[in-house]
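A.B. asks: To start, I am sharing the structure in question, which I have written as structure tokens.
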Amino acid sequence: MKRYALAALLASIVPLPRAAGQKAPASQPTAPNAAGEQDDAHPLYEVVVTARRPIARDNTADSTTVSGARLRDSPRPTLLESLAQESADLYVTGRGAGVHGVASGASGSVHVRGLGGSPNSQVLVVEDSVPDYQGIFGHPIPDAYVPFLVDQVLVVKGGDSVLYGSNALGAVIVIRNRWRDREGFELHSDAAYGSFDTVRESAALLGRVGRLDVATAASVLRTDGHRAGAGGGTVVGQVALRYRPADGLRLALRQKVLHLQGGDPGPVTHPFTDHWFDVWRSNTSAEGRYRRGRLRLGATPYLNVGVHRLHDGFYSRDYGAGGNLEADWRIAAPVRLLLGLAGEWIEARVEDRVAGVRQPVEPLGSGSLYQQLTLRPAAGLSIVAGARELLSNRYGFVLLYKGGVRWQIYRGLWARSRLTRNFRQPTLRELYLPFPTANPELRPEYSLNADLELGYDTEHVELSVSGYRSYAEDMIRYFGSWPGAEVVNIDSIAIWGVEARMGLKRMGPVDAFITGNWQDVGRYTRQNPSAKINVSLEASRRRGRHLVGGRAAGEWVHGLYMENYSRDRIDDLFVLDLTLRYRYTRPGCSLEPYLIIRNLVDSRYAYIKGYPMPGLNALGGLKLRL
Amino acid sequence: MTGSPLVAVLAASLALADCEQSYPELVIINNTAESILVRNPSFNGCRWNQVLALGQATTPGRCLPGTDRVHFEKYDVREQLDELEARAGDAGSVDADPGELRPMWFPYQTRTVRRVGCGELYRFELRLDDMEQDFAVPGPYGH
């Protein structure tokens with residue numbers, strides 16, 4: 001949400017009379033008084049304002065920004081489901097108490113404005129400037145994202161292949177992890193226990209010592225699940241080190257490891273108890289940033305490796321390596337140019353360990369140049385134009401482009417619009433692997449997405465209405481079932497929709513927020529709801545060191561089908577969650593017991609047919625900050 | 001000062017965390033026929049990986065509240081023997097492949113849809129006059 005982005009940005013702006021450690025000058029300059037004379041009572045200090053770089057790099061894009069703190073306090077079980085609570089045009093499926101899983105029966109599919117879904121290969125996740133997806137299936141692992149170290153998450157609706165490359169067809173979810181910005185250390189712990197023997201423990205240590213920063217976190221989740229076979233667990237470990245050898249220069253190294261275990265419980269009428277999966281993933285990246293005057297340079301090489309094992313003998317190892325070089329140059333106050341060079345290489349080894357058969361796979365690779373020009377010809381007016389020239393080892397030359405405008409019309413009233421052409425190359429699975437079938441002749445998917453938004457923001461009110469059109473051509477879709485299944489490019493689809501949001505902020509101790517989305521998905525109805533509404537009402541009261549607060553969050557989904565052509569309807573669903581928290585704060589530490597009650601009205605509902613969600617359930621925990 | 005809210009929140013969370021213990025309990029009993037074996041019965045999210053002869057029952061299992069039919073696999077020993085006897089005819093013996101002598105398990109379900117609610121133990125009997133073929137079995141596994 002934009003207001004959280006703004007709040008986080010304001011919170012991060014720290015005015016410093018002088019740089020730390022710098023001695024005060026012997027005499028201070030003073031401000032002139034009305035008569036033009038120096039006034040000794042009001043000294044003029046040199047003010048240095050530091051702020052984190054905005055997570056959004058194109059302010060003409062329709063986006064939702066959510067702070068990590070809000071995601072950590074969310075009553076929803078996973079990060080992606082918490083994001084879906086913040087924006088009605090973002091739809092995420094769930095199936096239980098915290099594990100989405102992989103392969104058949106998995107949930108966590110993401111639809112944004114009609115694109116995405118099963119699998120999530122049309123929605124790209126970028127974590128700390130690194131595109132993160134499974135090399136064979138081309139989609140992110142929904143359980144890999146835990147909010148504990150997250151600083152901010154940005155959802156770019158309509159996608160942006162100019163800045164982010166392949167797979168950013170329908171949307172991009174940009175995750176930025178946090179660093180400590182003051183000298184010293186802080187330790188965070190969150191331990192919780194709840195229904196279905198769910199145990200959740202997260203711990204993070206952030207520190208800054210001289211020129212060295214460290215950010216490390218571990219998160220463990222284990223649950224029996226609300227029905228047989230639905231249990232599982234995730235372990236996520238992250239370590240990041242950053243060294244600042246000189247002003248403006250930063251060198252960082254990150255390592256993240258995920259271990260995911262669980263099973264597909266099967267449809268409730270025909271449950272499974274032995275459809276297990278076991279996934280290991282490792283993401284390694286380095287980052288170099290250099291800033292001098294109006295120029296910023298950045299380099300980010302990365303290597304993603306995954307090992308997947310499934311109950312039926314499937315075994316895979318996938319490798320995704322790549323990197324990008326970027327130069328961001330503010331040529332003059334109203335002109336900013338971003339130039340980038342990116343490349344990636346995806347390779348995999350796949351075998352059926354039961355049959356002893358190894359599947360031949362050819363690697364995919366691409367290199368690209370991209371440019372984005374931002375012009376501010378008048379106060380409050382931004383114009384953005386960009387292009388990416390991509391060269392694929394399989395599909396040759398591809399041109400992608402975008403253009404957008406944002407206009408601050410009058411005080412809090414603003415308007416924006418954007419058009420973007422995006423791209424997704426077929427995955428290795430779609431090209432080569434018989435799960436259930438493959439087609440080496442597949443062409444890439446393209447989208448041409450457009451939107452127009454009008455908004456009004458004041459201190460207490462936030463309103464916006466956005467109309468959009470998602471258009472995709474050469475969509476890749478599976479038809480039929482084994483052994484007669486086929487995967488082919490289909491013609492084009494166009495989805496029209498309207499998304500609106502209204503927020504009442506800081507109305508005494510109360511904040512209220514509602515967002516709704518309606519879309520015409522035509523015959524493309526599979527897990528693509530025609531309407532969704534999310535509401536949240538929160539209140540908190542602080543008295544001295546004590547804070548008591550609560551938040552109710554609800555979701556209503558309408559027009560949900562398991563199949564295209566409006567077949568296999570799923571009942572409309574409504575779910576209401578509640579969080580209650582009490583926080584005791586002393587200088588240097590805080591203690592926060594909390595209680596999350598999910599599905600407060602004990603409704604029977606499901607996002608995926610045959611996979612009912614849990615009834616009333618709860619999670620109680622304790623947060624500690626030192 | 002911090003003690004009471006902490007204890008209250010933790011006590012409430014422990015009480016609510018235990019709510020799945022009130023999920024319905026269920027026992028399935030094979031009351032079909034002497035020649036019929038029932039395998040892997042399931043009901044609304046609960047599945048027993050076992051084979052039941054006539055009169056045998058599953059262990060109590062917890063399932064989700066709601067409605068469903070009992071789904072199971074059926075093997076009729078008598079039916080398979082009758083088929084082999086018919087093929088043997090007057091010769092009195094049959095030259096069958098080993099594959100033909102394997103048990104033939106077919107998916108079945110009860111005709112009656114049953115509802116279960118929280119906090120109760122249910123005993124569902126499988127009877128010959130209340131079963132039909134189950135065509136809703138999931139297809140081959142995908143990735």
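Bear in mind these aren't lab numbers, they're just calculated from the coordinates by the rules spelled out. Quantities reported herein were computed from a predicted structural model and do not represent experimental measurements. So basically every Cβ, Gly included, is an ideal-geometry build from the backbone, and we count neighbours across all protein chains shown.
A.B. asks: Counting other Cβ atoms within 10 Å, keep those with at most 16, restrict to DSSP loop, and tell me which GluC sites (Glu not before Pro) in segment A:332-419 are left.
C.D. replies: Filter output for segment A:332-419: empty list.
A.B. asks: Can I ask one more? Tell me the net charge near A:L163. Cut-off is 10 Å between Cβ atoms, A:L163 excluded, with +1 for each Lys or Arg and -1 for each Asp or Glu.
C.D. replies: Residues near A:L163 contribute 0 overall.
A.B. asks: Within segment A:485-513, what residues put their amide N at less than 14 Å from the label point 7 Å along the Cα-to-Cβ vector of A:V465?
C.D. replies: What the label zone holds, given the 14 Å backbone N cut-off, is A:497-502.
A.B. asks: Same structure, new question: Within segment A:347-386, report the trypsin sites (Lys or Arg not before Pro) that DSSP leaves as loop and that have at most 13 other Cβ atoms within 10 Å.
C.D. replies: Here the sparse-neighbourhood loop sites are A:R353.
A.B. asks: Bin all alpha-carbon pair distances of segment A:63-625 at 20 Å intervals from 0 and give each bin's fraction as a whole percent.
C.D. replies: Over segment A:63-625, the share of Cα pairs per 20 Å bin runs 20, 58, 22, 0 percent.
A.B. asks: Counting Lys and Arg as +1 and Asp and Glu as -1, what is the net charge of the other residues whose Cβ lies under 15 Å from the Cβ of A:A494?
C.D. replies: -2
A.B. asks: Evaluate the distance, in nm, between pseudo-label points positioned 7 Å from the Cα of A:S282 and of B:R62 along their respective Cα→Cβ axes.
C.D. replies: Label-label distance for A:S282 and B:R62, simple model: 3.9 nm.
A.B. asks: How many partner chain Cβ atoms sit within 10 Å of a residue's Cβ in peptide B:43-49, on average, as a whole number?
C.D. replies: 6
A.B. asks: Let me ask something else. Determine, for each peptide in A:103-116, A:61-74, A:153-166, the mean count of other beta carbons within 10 angstrom over its residues, then list the peptides with the highest first.
C.D. replies: A:153-166, A:103-116, A:61-74
A.B. asks: Looking at the P(r) of segment A:119-185, how many percent of alpha-carbon pairs lie beyond 16 Å?
C.D. replies: The proportion of pairs with Cα distances above 16 Å equals 47 percent.
A.B. asks: Right, another one. Given labels modelled 7 Å from the Cα in the Cβ direction, how far is it in nm from A:L251 to B:E125?
C.D. replies: Output for this residue pair reads 8.0 nm.
A.B. asks: Label 7 Å along Cα→Cβ of A:R542; segment A:186-205 residues with amide nitrogen under 12 Å?
C.D. replies: Flagged as within label range: none.
A.B. asks: Follow-up question, since we're still on this one. Based on DSSP H runs of at least 4 residues, each adding -39500 (n - 2.57), what is the mean residue ellipticity at 222 nm of chain A after dividing by all its residues, to the nearest 500 deg cm²/dmol?
C.D. replies: Computed mean residue ellipticity for chain A: -1500 deg cm²/dmol.
A.B. asks: Let me confirm one metric for peptide A:616-625, namely the mean number of other chain beta-carbon atoms within 10 Å of its residues' beta-carbons.
C.D. replies: Shielding by partners across A:616-625 averages 4.
A.B. asks: Right, another one. As an exercise, use a Förster radius of 30 Å and the Cβ-Cβ distance of A:S590 and A:Y243 to find the FRET efficiency, rounded to the nearest 0.05.
C.D. replies: It comes out at approximately 0.50.
A.B. asks: Grab the other residues whose beta carbon is less than 14 angstrom from that of A:E389, score K and R as +1, D and E as -1, and report the net.
C.D. replies: Net charge in that neighbourhood comes out at +3.
A.B. asks: Assuming R0 = 60 Å, what is the FRET efficiency of A:D274 and A:L373, from their Cβ-Cβ distance, to the nearest 0.05?
C.D. replies: Efficiency at R0 = 60 Å is approximately 0.60.
A.B. asks: Would you mind getting me the FRET efficiency between B:R111 and A:F574? Use the beta-carbon distance for r and R0 = 41 Å, nearest 0.05.
C.D. replies: Computed FRET efficiency for B:R111 and A:F574: 0.80.
A.B. asks: How big is the antiparallel share of DSSP beta bridges in segment A:113-183, given as a percent to the nearest 5?
C.D. replies: Given both bridge residues lie in segment A:113-183, the antiparallel proportion sits at roughly 65 percent.
A.B. asks: Over what distance in Å are the Cα centres of segment A:55-73 and segment A:281-325 separated?
C.D. replies: Taking the Cα centre of segment A:281-325 as reference, the centre of segment A:55-73 is 22 Å away.
A.B. asks: Among DSSP bridges having both ends in the protein assembly as shown, what percentage is antiparallel? Round to the nearest 5.
C.D. replies: Restricted to the protein assembly as shown, the bridges split so that about 95 percent are antiparallel.
A.B. asks: Here is a further query. Just tell me how shielded A:593-604 is by partners: mean number of partner chain Cβ atoms within 10 Å of each residue's Cβ, no decimals.
C.D. replies: If you average over the peptide's residues, the count of other-chain Cβ atoms is 3.
A.B. asks: Arranged from highest to lowest average of other beta-carbon atoms within 10 Å per residue, in what order do the peptides A:439-447, A:393-401 appear?
C.D. replies: A:439-447, A:393-401
A.B. asks: By average Cβ neighbour count within 10 Å, what is the ranking of A:330-336, B:109-115 from highest down?
C.D. replies: In descending order of packing, they fall as B:109-115, A:330-336.
A.B. asks: Ok, one more. For segment B:95-135, list residues with backbone N below 12 Å from a point placed 7 Å from the Cα of B:L84 toward its Cβ?
C.D. replies: It comes to B:95-104, nothing else.
A.B. asks: Let me ask something additional. Just to confirm my numbers, what's the Cα centroid distance between segment A:187-258 and segment A:520-563 in Å?
C.D. replies: 26
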